[in-house]
Amino acid sequence: MPPTDASADAGPVPVHPVHPVHPVHPGRSGHPGPAEDVRDGEDTLDLRLPSELRALFAGQAPDADIGGTAAPATETLAHPPIGPFDAPDAPDTPGALDTVDLLDQVGTWGPTRTPVGLFRLQPVRIERDLPVISRWMNDPAVAAFWQLAGSLTQTEDHLRAQLAGDGRSVPCLGLLDGTPMSYWEIYRADLDPLARHYPARPHDTGIHLLIGDVADRRRGLGSALLRAVADLVLDRRPACARVVAEPDLHNTPSVAAFLNAGYRYAAEVDLPAKRAALMIRDRSLRHLM
């Protein structure tokens, strides 16, 4: 599992990778602070829904893209500016429409206005988005946390592991004023191995983030977008009461970015590759922080 550092101002912001994508490291549970509701002995398992329920709810999958064929998979043409009313993308993997939607149709969440511009999460499509995401993953500053530097195939495997899964993780591009500038993974933290390391609650939603280009780092974009995406999650997922992340405890700029975005420092968590700061943005506190 690459470390999960979300640095608003300090560059790449990966957060603990999800189920098959970034295997979460087994290890001791962290020690939540006084504000955390610790439930002794409670361990959230890595659950998978039975096929019967998937079939029953298959109709809840995201709407298909109405825009026709995808642009050529080149970085120059892959991302034409996208307006606020574009239709959501169709799932990129055969069979994706047959899975239960565990994240309330991320592709339909739409744009949100932020202090830095109009922002939108756009679910990844391999043929369109692979070149730019792979380029970002090969930036040394990003690779230090995500550990995905290498060929296009390595990045593609990482993306397909999520797209071919049961829907508990959705990889997305972050578009700011129509331009791709960040990569996100929105995932069900309560269904992820991360839940073994903290007192997870039903529908806890996790985020991983990296800022793609050096020019977009260290100028406050990260904090603004971390807040905006947390608010999107809470607005579009009524059952979710908390958004969680776990940056490396020693990545001070990353932890500061989360604090500036309205997350609280809830605990220190021992993961196999690092000691992490468990950051939580609560629905009940969102208007106070």
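The values are calculated or read from the model by the stated rules, or taken from the named source; none is laboratory data. The structure displayed is predicted, hence computed values, not measured ones. FYI the Cβ positions are ideal-geometry reconstructions off the backbone, even for glycines, and counts take in every protein chain you see.
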Hey, among A200, A228, which residue is under 14 Å from the mean Cα position of the chain (by Cα) and not hydroxyl-bearing (S, T, Y)?
A228
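Identify the residue in region 233-246 that is more than 13 Å from the chain's Cα centre (by Cα) and not hydrophobic (A, V, I, L, M, F, W, C) and, among all such residues, is surrounded by the most Cβ atoms within 10 Å (Cβ to Cβ). Let's see the steps before the verdict.
Taking region 233-246 as the starting set, the residues that turn out to be more than 13 Å from the chain's Cα centre (by Cα) are 234-242.
Narrowing the set further to residues that are not hydrophobic (A, V, I, L, M, F, W, C) leaves 235-238, 242.
Values: D235: 14, R236: 18, R237: 21, P238: 10, R242: 23.
The extreme case among them is R242.
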Test result for I211, surrounded by 22 or more Cβ atoms within 10 Å (Cβ to Cβ) and farther than 18 Å from R283 by Cβ
yes
With the condition being within 23 Å of P247 (Cα to Cα), modelled with pLDDT of 95 or more and touching a helix residue (DSSP H, G or I) at 6+ places or on another chain (Cβ under 9 Å), I'd like the helices (runs of 4 or more DSSP H) fully within region 121-189 carrying at least 3 qualifying residues.
126-137, 152-163
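Per-residue answers, yes or no, for (1) closer than 24 Å to P123 by Cβ; (2) in contact with a Ser or Thr (Cβ under 9 Å, 6 or more places away or on another chain):
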{"position": "A189", "(1), (2)": "yes, yes"}
{"position": "A195", "(1), (2)": "yes, yes"}
{"position": "L232", "(1), (2)": "yes, yes"}
{"position": "R242", "(1), (2)": "yes, yes"}
{"position": "L249", "(1), (2)": "no, no"}
{"position": "A267", "(1), (2)": "no, yes"}
{"position": "A273", "(1), (2)": "no, no"}
{"position": "L285", "(1), (2)": "no, no"}
Among the residues of region 150-167, are any surrounded by fewer than 23 Cβ atoms within 10 Å (Cβ to Cβ), out of contact with any Asp or Glu (no Cβ under 8 Å at 6 or more places or on another chain), in contact (Cβ under 8 Å) with a residue 40 or more places away in the chain and charged (D, E, K, R)?
yes
Listed residues A200, A224, A230; which is buried (at least 20 other Cβ atoms within 10 Å of the Cβ), closer than 24 Å to R286 by Cβ, of a type outside the set (S, T, N, Q) and touching a helix residue (DSSP H, G or I) at 6+ places or on another chain (Cβ under 8 Å)?
A200
So, in region 197-244, how many residues would count as being in contact with a Phe, Trp or Tyr (Cβ under 8 Å, 6 or more places away or on another chain) and among the basic types (K, R)?
1
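Considering each of R219, R242 in turn, give the residue that is of a type in the set (K, R) and touching a residue at least 60 places away in the same chain (Cβ under 8 Å). Break it down stepwise before answering.
Details: R242 fails: touching a residue at least 60 places away in the same chain (Cβ under 8 Å).
On inspection, the qualifying residue turns out to be R219.
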